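Down below is the structure, laid out as structure tokens.
A short reminder: the numbers here are calculations on the coordinates, not readings from a lab. If you're wondering where the values come from, they're calculated on a predicted model, not measured in any experiment. Methodologically, a virtual Cβ is constructed for each residue, glycine included, from the backbone with ideal geometry; neighbour enumeration extends over all protein chains shown.
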Amino acid sequence: MADPKDDEDLHTIATQQRLELMAAKTLESDLDFAFNLQLQEALDASLSIQPSSTNSPPQQLVHTPPESPDFLSFADYQSEELEKFELEVSDRRISEAEFKRLRDDLHRRIHDQEVAHEIHRMSDDEWLEVGDNFERPFGEGSSNSVNSEIFRIYFKGLVSEEIVNTSSWKAVLAGIGVAICDSRDEVFFELRKPLIGNGISRQCAELKALLEGLNAAIALDLKRVVFYCDYHPIYMFVTGRWSARQRKVATLANQVSILRNKFTYCNPHFVARNDIKLAFKLAREAIVSQINGPAESSHPRSVYENCVICLEDTDVGKMFSIDGCLHRYCFSCMKQHVEVKLHHGMEPKCPHEGCTSELSIDSCRKFLTPKLIEIMMQQIKEASIPVTEKVYCPYPKCSVLMSKHEVLEYSKGVFVAPERSGARKCLKCQGHFCINCKVPWHSNMTCNDYKCNNPNPPEDVKLKTLAANNLWRQCVKCNHMIELATGCFHMTCRCGYEFCYTCGDEWKNKKATCSCPLWHENNIIFDRDDEDEDDDDFDEEDEGEEYHDSEDDYYY
């Protein structure tokens, strides 16, 4: 915080400079007048010695100001700079007074809480004995209580491409939000601030938000803080596990390290986005303040609703209400949720925790592509068939899913006693196959004879070789082949069976039955080079990391 004596010195210097500028302006005006007078006298003398053929009156030199209204003299520039300086000094005084009020309020609040806790710990007998005389004046031990408490800093920096003032012109806008809470998560300081400038990346916005939060904590004279981060690269930068390659990011990360040294205790925590929703809301408000122009009274006001997944304020016309439970989410989040579930072979349901409401295809047509609708129809059909009843057509060009009972009834009109022979007819391609061997029908040959003649079918050999080379794993329940692309080693097959990708042991009640590690860093963290390239072209939909742990994961 600034010393009051320094402020007085600055005020004295500013007053002296203003007096000097006023004197300079007066001198400049006198010099201009003298110059114009001399120039007029020289012009009159020149005209008097030249014969004139006309009776026109002598010309008068009139000094006119420059045509450009933006023309400013040196004194005018200095005057403007001085006004800006005085305004900055005044703003700083107001800011310091506000921070002092917040500090005093914080000390008072902690003091009152300590007194309340001490009274609460008193027994009834003790209260009857000393209660009337109990007191603890404000100021006794309040500073020590503040210095011993750990405060929480929530910060968020957002970068988004927005349509400004309801026009077709798009601009990349940025904003930051900071919330500081006590150890009981009660907010006592909030900050929302637009970020002005070109080329602001997401990492720069996040680090600037963190710097604002740390500076505010220093101004509030807080000694012990933790700051919560939901963006993985920033967490890796501030913990020293990654070194920033971009110069701007490296400079900001270094400033964070310098500020952290000013605290007695200052550590980062990596959390989910939902844990910093207040800071996210403040940052979003800072962006919205740059978007919205003056509203016209003739235009109806739009109604917005907050989506609890992305925390964005979305027009109510783009919010999806789930039948049955009436939970509401924006179209973008619902599309990503359904798409992820479908690609993992799961039937999509309401994303609300603990809710089992199913999604209907007709209602999902509002936000799903035709391809996803087709996959969803197939997934719902698969989910309706019990695992023990599922059978797939063995012909590669078909591979349609059927139920064993359904295909048996369909095959009775073609084969004699198909339940004994195992012969079946596909409902789609009409191909004949063996339900026991899961291969095309081997006529005039029993299943044992077929297996003896074809101990290792070429297709199986190729598949097993390919699986071994690519470290694929096979579900022991339905024999479905699975590849781990990104995420942890907890796998959930499309048949619902959960197992460890490393050793194949089953997971029970969302818990591993083996001692294998849950994840490896190479499968969780994406390439930093790709992230650095993508930062300057940030898209809101990319905000957040994808962590695959189980079917309950959310994707932002």
Which of the listed residues, Ile361, Met402, Gly413, is farthest toward the dipole's positive end in the stretch 360-413, when Lys, Arg count +1 and Asp, Glu count -1 at the beta-carbon? Ile361
Projecting each Cα onto the charge dipole of the stretch 303-384 (Lys/Arg +1, Asp/Glu -1 at the beta carbon, about the Cα centre), which of Tyr304, Gln379, Met334 comes out farthest on the positive side? Gln379
When the chain is fully extended, how far beyond the present Cα-Cα distance does Leu37 get from Ile258, taking 0.36 nm per residue of separation? 73.4 nm
Once you have a ≥ b ≥ c as the square roots of the Cα gyration tensor eigenvalues for the stretch 149-289, tell me rounded if a/c is under 1.5, and otherwise prolate or oblate according to whether a/b is larger than b/c. oblate
Within the stretch 343-424, how many Lys pairs sit with Cα atoms under 22 Å apart, leaving out pairs fewer than 8 places apart on the same chain? 13
If the chain between Thr239 and Asn470 were fully extended at 0.36 nm per residue, the gain over the current Cα-Cα distance would be 79.8 nm
Segment Cys503-Glu285, extension gain: residue separation times 0.36 nm, minus the distance between their alpha carbons: 73.6 nm
Once both label points are put 7 Å beyond Cα along the C-beta direction, the Glu118-Lys318 separation in nm becomes 5.6
Could the peptides 430-436, 405-411, 327-333, 351-357 be put in order, highest first, of the mean number of other beta-carbon atoms found within 10 Å of their residues? 327-333, 430-436, 405-411, 351-357
Compute, for the stretch 303-384, the length of the dipole vector about the Cα centre, with Cβ point charges of +1 (Lys, Arg) and -1 (Asp, Glu) only. Units Debye, rounded to 20. 200
What is the packing order of peptides 421-428, 267-274, taking the mean over residues of other C-beta atoms within 10 Å and listing the highest first? 421-428, 267-274
Using unit Cβ charges (K, R positive; D, E negative) and no other charged atoms, how large, in debye to the nearest 20, is the dipole of the stretch 387-455 about its Cα centre? 140
Total lysine pairs under 23 Å (Cα atoms) in the stretch 149-289, excluding pairs fewer than 8 apart on one chain: 21
